[in-house]
Structures are given as C-alpha cells and as structure tokens.
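Chemist: Just dropping this structure here.
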Amino acid sequence: MLKVNKIKVNYGHFQAISEISLNIKQGEIVALLGSNGAGKTTTINTISGLTKMVSGDILFENKNINHIPTYERVKLGIVQVPEGRKLFPFMTVLDNLLVGAYIKEAQKKQKETLQMCYEIFPKLFERKNQQAG
C-alpha cells in the first residue's frame with residue numbers, strides 16, 4: 001500500500017534523513033520509534049508532502065506520489081492526526097472535529113462520523129460548543 005524507497009531529506013546543509021525505506025502492506029499497523037531528532041516527524045511529513053525530499057521515491061497504492069502536492073495526497077487518504085493537544089484553541093471543539101472533513105467524501109459522511117466520535121468520546125458532545133483551548 002505504501003512504499004518509501006531510500007528517501008533523503010535535508011534541512012539546509014543538515015541531513016535529516018539518509019535513505020529510509022519502508023514497505024507497509026494493506027491492513028498493517030506500523031509505528032516509527034526513535035529518540036528525539038531521529039527523523040520520525042520528518043519521515044511522516046515527507047510522506048504527507050509537507051517536507052520536500054532530496055531523493056528517493058514514495059509510492060502509494062503503486063502510484064508514485066513524489067510530485068503530488070499535500071492537498072492532493074489528502075484526497076488519496078494520506079493524512080495526519082495531530083498528537084497531544086495540537087488543536088486550534090480559539091475554535092470550538094466541533095469546529096476542530098470538522099477540520100477532519102476537508103475532502104468532499106468525508107463531508108458526505110460528516111453526521112455519521114461525528115455521531116461515532118460522540119459515542120466513543122461523550123465529553124466531546126458535551127463540550128462541542130466550547131472553545132477547544
């Protein structure tokens with residue numbers, strides 16, 4: 001499903017990633033582990049298109065996505081979920097949840113998805129009109 005082949009990423013003259021390769025199959029759950037500065041976030045940002053790579057290839061469902069912009073990768077299903085409390089603090093809880101419905105396909109299922117979130121996390125429903133911060 002996702003193949004990362006020998007990607008290299010630099011920040012100026014600093015080499016952040018040196019030839020990382022991954023092969024992730026449909027249905028697999030994968031974790032990137034490493035110390036601070038090991039390149040975990042840079043790898044994820046590169047796959048998402050937020051960080052440009054110097055060389056290598058990224059294939060998603062056997063399609064090379066090297067030159068596909070981030071917003072188009074989202075439409076393919078390549079997304080990130082912010083870790084911890086990285087919310088938009090001056091938006092409501094509901095508005096923060098709706099940010100996840102960026103593409104039209106997700107907007108079509110918005111009611112169902114919100115209901116599922118509220119069933120799993122009832123406090124979100126209770127606080128949906130409060131500022132997230």
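Each reported figure results from applying straightforward, stated rules to the coordinates on display, with no laboratory input. Everything numeric in this text was worked out from a predicted model, so none of it was measured. Cβ atoms come from the backbone with ideal geometry, glycine included; neighbour counts cover every protein chain shown.
Chemist: Under 5 Å between amide H atoms, partner at least 5 residues away or on a different chain: which partners does Thr92 have, H built in plane at 1.01 Å?
Modeler: Under 5 Å from the amide H of Thr92: Ala132.
Chemist: What number comes out for the charge environment of Thr113, summing +1 per Lys or Arg and -1 per Asp or Glu over other residues with Cβ under 15 Å away?
Modeler: With Lys, Arg at +1 and Asp, Glu at -1, the net is +1.
Chemist: When the Debye formula is applied to the Cα atoms of the chain, each taken as the same point scatterer, what base-10 log of I(q)/I(0) results at q = 0.09, 0.10, 0.16, 0.19 Å⁻¹?
Modeler: Reported log10 I(q)/I(0), two decimals: -0.35, -0.43, -0.96, -1.14.
Chemist: How much length would be gained if the chain were fully extended between Gln26 and Lys123, taking 0.36 nm per residue of separation minus their Cα-Cα distance, in nm to one decimal?
Modeler: Length gained, Gln26 through Lys123: 31.7 nm.
Chemist: Moving on. Among all the lysines, which ones have a C-alpha under 17 Å from Lys109's C-alpha, if same-chain residues fewer than 8 places away are not counted?
Modeler: Cross-link targets: Lys75.
Chemist: Also, quick follow-up: With contacts defined as alpha carbon pairs under 8 Å and 6 or more residues apart, what's the relative contact order of the chain in percent? Before the final figure, lay out each step's value.
Modeler: Values: 161 pairs, mean separation 28.6, N = 133.
The normalised contact order for the chain reaches 21 percent.
Chemist: Over 29 Å between Cα atoms, which of Lys63/Lys104; Lys104/Lys128; Lys108/Lys128; Lys3/Lys128; Lys40/Lys108; Lys8/Lys108 qualify?
Modeler: Table pairs above 29 Å Cα-Cα are Lys3/Lys128; Lys40/Lys108; Lys8/Lys108.
Chemist: How charged is the neighbourhood of Ile58? Take every other residue with its Cβ under 10 Å from the Cβ of Ile58, and add Lys/Arg as +1 and Asp/Glu as -1.
Modeler: With Lys, Arg at +1 and Asp, Glu at -1, the net is +2.
Chemist: Highest mean first, what order results for 87-95, 116-124, 28-36 on Cβ atoms within 10 Å?
Modeler: Working: 87-95: 14.2, 116-124: 12.0, 28-36: 7.6.
In descending order of packing, they fall as 87-95, 116-124, 28-36.
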